[in-house]
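To keep things clear, I will list the structure first and then write my remarks on it.
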Amino acid sequence: MAILDNWRRFQADMNEAAERYHRRMDEIRVMAVSKTRSADEIRSARDAGLDLFGENRVGEAEEKFAVLDPDRYPLVLIGHLQSNKVARISGRFSAVHSVDSLRLAEKLSRHRDSIGAPLEVLIQVNTSGESRKSGFSDYGEFLESAQRIAELPGLRFKGVMTMAPFVEDESVVRRCFAECRRWGQAAANWTDGDPVLSMGMSSDFQWAVAEGSTMLRIGSRLFGSRE
């Protein structure tokens, strides 16, 4: 019941943010970030109404989601993917939302094309300027790579993902999200459908909603704080 109660509280807060910033609830999807959480907790989240799950580590995700129905528990990799682990992105993963280089996308394409089912990808962009974060930081390189990634077989280029700095300064965080929106919109001619803008987590989702996020990655607000 705790996860259900948390989800209802978060929905109320998200609805308030959507009204404040003149957004529609139906244009913002919520991904449950289930890293470090058990299969039972993931089942509880699905029963509460969540229908998309993000994991940071391939090995952990493989172990937990092996016992969960792929049709009910779509699995997305949102953490950094090392190129030597591309072969482990099996058909169980429906998407990789952390593609941070053209080289990685090409490897995913070669592997996925042999499986058959297309892999949804988001390009990770580093609009915060933090050196410790992955993602494209050069706008021109991003545009060139986005066009090439969209042409790769076995992949469906859907949009962009970013992470804002962990600071309390609203202007800094919103500037990061606004830049991500600009980059995503610039790549709209190559995306499969309207560009997905995956930005905003438990601590900054309101500012992400304000800046046009279409996908929030929510963990602690749903599952509680990690030990």
Problem - Residue in the stretch 137-148 that is part of a loop (DSSP other than H, G, I, E, B) and in contact (Cβ under 8 Å) with a residue 24 or more places away in the chain present - result: no
Practice task
Within the stretch 48-93, count every residue that is touching a residue at least 12 places away in the same chain (Cβ under 8 Å), surrounded by fewer than 15 Cβ atoms within 10 Å (Cβ to Cβ) and in a loop (DSSP other than H, G, I, E, B).
Solution key: 8
Handout entry: Unmet criterion (only one of (1) β-branched (Val, Ile, Thr); (2) farther than 23 Å from Gly212 by Cβ; (3) under 18 Å from the mean Cα position of the chain (by Cα); (4) buried (at least 18 other Cβ atoms within 10 Å of the Cβ)) for Ile3
Key = (3)
Problem - Check on Ser145, more than 23 Å from Asp51 (Cα to Cα) and either surrounded by fewer than 23 Cβ atoms within 10 Å (Cβ to Cβ) or modelled with pLDDT under 95 (or both) - result: yes
Problem - Residue that is surrounded by the fewest Cβ atoms within 10 Å (Cβ to Cβ), among those in the stretch 215-227 that are in a loop (DSSP other than H, G, I, E, B) and over 16 Å from the mean Cα position of the chain (by Cα) - result: Glu227
Problem - Number of positions in the stretch 197-214 that are touching a strand residue (DSSP E or B) at 6+ places or on another chain (Cβ under 9 Å), surrounded by fewer than 23 Cβ atoms within 10 Å (Cβ to Cβ) and not in a loop (DSSP other than H, G, I, E, B) - result: 1
Handout entry: Boolean, Ala105 is touching a strand residue (DSSP E or B) at 6+ places or on another chain (Cβ under 6 Å), assigned to a helix (DSSP H, G or I), hydrophobic (A, V, I, L, M, F, W, C) and closer than 18 Å to Val196 by Cα
Key = yes
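The values are calculated or read from the model by the stated rules, or taken from the named source; none is laboratory data. Just so it is clear, the structure is predicted and the values come from calculations on it, not from any experiment. Quick reminder, even Gly has a Cβ in these numbers, built from the backbone with ideal geometry, and neighbours come from all protein chains shown.
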